[in-house]
Amino acid sequence: MKIDLKDYIRNIKDFPKEGIMFRDITTLLKDPEALKHTLNELYKMTKNLNISKVVGIESRGFIFGSMLAEKLNVGFVPIRKPGKLPAEKESKTYDLEYGSDTIEIHKDAIKVGERVLLHDDLLATGGTALAAANLIENLGGEIVQISFVIELSFLKGREKLKKYEVQTLVNYLDEE
């Protein structure tokens, strides 16, 4: 059976602020067939890459990131917002459209030379993914691929990630 994942993604207009069309994957996650299909498609993109670790970005990157790690038989590493990780950490502050944000990773999470799959649910402007990739590389990891369930290609986030292999399952070409 062919599944169109867009049929399982809810669109919420003006969230979290006016003018934004929010792509909500909770409707995809609650459907067992769509969930399984999404995981299998992400796995197909990564199964032959000889990955050592999967790194997921808080918070929805944890969902498929951890499932992929289990399916690939590798470890999972969370990248979190400040104040959430208890041990020694590396931080990266990056610019947003309005202001800045910071993410963190444990310093002992990645060993030099480890092959890493970076995963998040959505690629928008690319700022968070680029900051996460920088954290991984600062620890000596090699980014083999960055995967997303959804890409908002009209925001051109892929341009910030052009030195990496980027894979996505669903692409929205415009804001509608």
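Read-outs: derived from the displayed coordinates by stated rules, not from any lab. All values derive from a computational prediction rather than experimental measurement. Quick reminder, even Gly has a Cβ in these numbers, built from the backbone with ideal geometry, and neighbours come from all protein chains shown.
By the scheme Lys and Arg +1, Asp and Glu -1, what is the net charge of all other residues having a beta-carbon under 10 Å from that of residue 81?
Value of the local net charge: -1.
Taking other C-beta atoms within 10 Å as the exposure proxy, 39, 123, 72 rank 39, 72, 123 from fewest upward.
In this entry, segment 50-172 is assigned a mean projected area of 7.1 nm², taken as a quarter of its C-alpha convex hull surface.
When the chain is treated as a Gaussian network with alpha carbon springs shorter than 10 Å, the biggest mean-square fluctuation among 100, 147, 66 belongs to 100. Put in order of Cβ neighbour count within 10 Å, fewest first, the listed residues 22, 148, 15, 76 become 15, 22, 76, 148.
Once you keep just the Cα pairs under 8 angstrom separated by 6 or more residues, what percentage relative contact order results for segment 50-172?
Details: 271 pairs, mean separation 29.3, N = 123.
Once normalised by length, the contact order is 24 percent.
Largest mean-square fluctuation among 89, 36, 44, in a Gaussian network model of the chain whose springs join Cα atoms under 10 Å apart, belongs to 44.
Helical runs (DSSP H, four residues minimum) scored at -39500 (n - 2.57) apiece and divided by the length of the chain put the mean residue ellipticity at 222 nm at -7500 deg cm²/dmol. Mind telling me which of 20, 57, 105 comes out most flexible in a GNM of the chain, alpha-carbon contacts under 10 Å? Between 20, 57, 105, it is 20 that shows the largest mean-square fluctuation.
Considering only Cα-Cα distances, which of the following residue pairs are longer than 27 Å: 30/89; 13/47; 2/160; 6/44; 44/111; 53/89? Table pairs above 27 Å Cα-Cα are 30/89; 13/47; 2/160.
Please arrange 10, 23 by how many other C-beta atoms lie within 10 Å of their C-beta, fewest to most. Let's see the in-between values first.
Working: 10 11, 23 20.
The order, fewest Cβ neighbours first, is 10, 23.
Roughly what % of DSSP beta bridges within segment 50-172 run antiparallel, to the nearest 5? Intermediate values should be presented prior to the final figure.
On the way: 8 of 31 bridges.
Roughly 25 percent of the DSSP beta bridges within segment 50-172 come out antiparallel.
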